[in-house]
Amino acid sequence: MAFEFLSADIAQQKQRARYRVRQCVAEQNGRYVKIDNKSYLNFSSNDYLGLNHHKDINQALVVGAERFGTCASGSSLITGYSYAHQALENDICDWLNQPKCLLFASGFSANNALMHALGHESCQLYLDKLSHASLIDGALASKAKVKRFLHNDTAQLQRFLTKNTKSSDNDAIELNKVIVSEGVFSMDGDQADVESLSKLSQQHNALLYLDDAHSIGVIGNKGQGSSSIADIDIIMGTFGKSIATSGAFVACNELLADYLVNFSRHYIYSTAISPALAWATKKSIEIIQRDHWRREKITELSQLLATKLSSSVQLIKNSSSIHAIVIGDELNTLNVCQKLREKGIWLSAIRPPTVPNNSSRLRVTITSSHEIKDINYLANCINEVIT
Ligand SMILES: Cc1ncc(COP(=O)(O)O)c(C=O)c1O
């Protein structure tokens, strides 16, 4: 039969307890989610700062739609680049102290675009082992040499950087090096050692590229993410998580931005993001810089969770919104999720290949919309179900 691999791969996925289905959400915010007519406490949302449904952002969306339209009606190099996009880019540059910023349709696309642009044959890309799929795919599809260092192992990275300095084809040519990492790791919630990465990049004349999808808004006194910790050459941030809109940005120097405008296929051959959404995103970033209480609440609730969980629960401790509880086996993890669901808690099971084999987990996200009683209830339920 033609295309037999489709059904064979699905059957194998089911057999390994890795089969995935979508759930249609009727309503959600950073605290609750309604599915199949039942309301659950939501601990799977990336709306870390509770800004989805914020009335000022909604209003900016309406104003943006009336002024600029819902659609860019073209790619950025034709007629898609509007005042709304430019104003948003300028705000991001000021926020992160970067000379230039470009907007992309998604974080996936932005990461792919940058790995492609920096993936010239004269380049060597050094990626943290736990880098997002969009970084790995982009790097492996590029012309660059790719080396992956053990998660957060800056000593190994230093050895790699010291060892590979010349192009293998021509000994006279110095390799162009790029260090690539996430600021806060999506599935473990731990942070990169941004200071050490920045120092290493300076010592080895490398560029530092950070994917701040999960740091932006949450880390730093104004939510600047990794930029609040050290100098970073290139920052990618998504709008679809703490910023609560959709799309992504890359902030970098003028030369790289110019290069992307001229050579990035992801940028050139794609419709610019909705200008109405760009206008709403601008408002969201204004709120993020101002509302310190949202970040403070995440820290306070995260500490509470760590103290309330029983010592036999394998929690990866950290100071972000993401708290991973490693269970190991796929089937066990699904069972735990189901038991929590019966208690009114929505948590997704994260299984391979999203995480390494035997490290299936609950990925708990704490948002500023949660209350102390929600965390106490979650911890009690997890203690009961896991131990
Ligand atoms: C670390 C990381 N980078 C990039 C992305 C992709 O961002 P987007 O959802 O905007 O495509 C994600 C989202 O899942 C992510 O977790």
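The values are calculated or read from the model by the stated rules, or taken from the named source; none is laboratory data. Quick caveat: nothing in here was measured; it's all calculated off a predicted structure. Positions of Cβ are generated from backbone atoms using ideal geometry, with glycine treated the same way; all protein chains shown enter the neighbour counts. Only protein heavy atoms, including side chains, enter the accessible area calculation; ligands, DNA and RNA are left aside. Shrake-Rupley method; radii C 1.70, N 1.55, O 1.52, S 1.80 Å.
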(request) Go through the range 107-137 and count every residue that is over 20 Å from residue 159 (Cα atoms) and either open to solvent by 40 Å² or more (accessible area, probe 1.4 Å) or out of contact with any Ser or Thr (no Cβ under 6 Å at 6 or more places or on another chain) (or both). (result) 14
(request) Kindly provide the set of residues from the range 313-324 that are in contact with a helix residue (DSSP H, G or I) (Cβ under 7 Å, 6 or more places away or on another chain) and farther than 16 Å from residue 46 by Cα, ordered by number. (result) 313, 315, 317
(message) Going by what's in this entry, would residue 281 be described as hydroxyl-bearing (Ser, Thr, Tyr), touching a residue at least 60 places away in the same chain (Cβ under 8 Å) and open to solvent by 10 Å² or more (accessible area, probe 1.4 Å)?
(response) no
(message) Can you tell me how many residues within the range 30-47 are touching a residue at least 24 places away in the same chain (Cβ under 8 Å), in a loop (DSSP other than H, G, I, E, B) and over 16 Å from residue 375 (Cα atoms)?
(response) 2
(message) So if I check each of 177, 199, which one is among the basic types (Lys, Arg), assigned to a strand (DSSP E or B) and more than 16 Å from the ligand (Cβ to nearest atom)?
(response) 177
(request) Return yes or no: is residue 218 farther than 24 Å from residue 356 by Cβ and of a type in the set (A, V, I, L, M)? (result) yes
(request) Working carefully through the options 60, 2, find the one that is modelled with pLDDT of 95 or more and outside the structural domain of residue 355 (by TED's automatic domain parsing). (result) 60
(request) Determine which member of the set 186, 227, 242 is within 27 Å of residue 297 (Cβ to Cβ) and over 13 Å from the mean Cα position of the chain (by Cα). (result) 227
(request) Would you point out the residue of the range 22-49, among those that are among the polar types (S, T, N, Q) and over 29 Å from residue 219 (Cβ atoms), that is surrounded by the most Cβ atoms within 10 Å (Cβ to Cβ)? (result) 39
(message) Please go through (1) without any contact (Cβ under 8 Å) to a residue 60 or more places away in the chain; (2) assigned by TED's automatic domain parsing to the domain that holds residue 81 for residue 311 and return the number of the only condition it doesn't satisfy.
(response) (2)
(request) Hey, could you check the range 215-241 for residues that are part of a loop (DSSP other than H, G, I, E, B) and within 15 Å of residue 91 (Cβ to Cβ) and say which is farthest from the ligand (Cβ to nearest atom)? (result) 222
(message) With the structure loaded, tell me whether residue 336 is touching a strand residue (DSSP E or B) at 6+ places or on another chain (Cβ under 7 Å), assigned to a loop (DSSP other than H, G, I, E, B) and among the β-branched types (Val, Ile, Thr) or whether it fails that test.
(response) no
(request) Say whether the condition of being over 24 Å from residue 113 (Cα atoms), touching a helix residue (DSSP H, G or I) at 6+ places or on another chain (Cβ under 7 Å) and open to solvent by 10 Å² or more (accessible area, probe 1.4 Å) is met by at least one residue in the range 182-196. (result) yes
(message) Please count how many residues of the range 242-282 are farther than 25 Å from residue 219 by Cα and in a loop (DSSP other than H, G, I, E, B).
(response) 6
(message) Residues that are in a loop (DSSP other than H, G, I, E, B) and within 16 Å of the ligand (Cβ to nearest atom): does the range 148-169 have at least one?
(response) yes
(message) Return the pair list, or none, for Cβ contacts closer than 8 Å from residues in the range 1-24 that are more than 14 Å from residue 350 (Cα to Cα) to residues that are open to solvent by 90 Å² or more (accessible area, probe 1.4 Å) and β-branched (Val, Ile, Thr), at least 6 apart or on different chains.
(response) none
(request) For the range 302-314, indicate whether the set of residues that are over 22 Å from residue 370 (Cβ atoms) and either modelled with pLDDT under 95 or outside any helix (DSSP H, G or I) (or both) is non-empty. (result) yes
(message) Quick test of your reading of the structure: residue 238 fulfils all but one of (1) surrounded by fewer than 24 Cβ atoms within 10 Å (Cβ to Cβ); (2) hydroxyl-bearing (Ser, Thr, Tyr); (3) touching a Ser or Thr at 6+ places or on another chain (Cβ under 9 Å). Name the failing condition by number.
(response) (1)
(request) Say whether the condition of being of a type outside the set (Ser, Thr, Tyr), open to solvent by 50 Å² or more (accessible area, probe 1.4 Å), part of a helix (DSSP H, G or I) and within 16 Å of the ligand (Cβ to nearest atom) is met by at least one residue in the range 61-83. (result) no
(message) Could you check the range 132-144 and list, in sequence order, the residues that are more than 8 Å from the ligand (Cβ to nearest atom) and assigned to a loop (DSSP other than H, G, I, E, B)?
(response) 141, 142, 143, 144
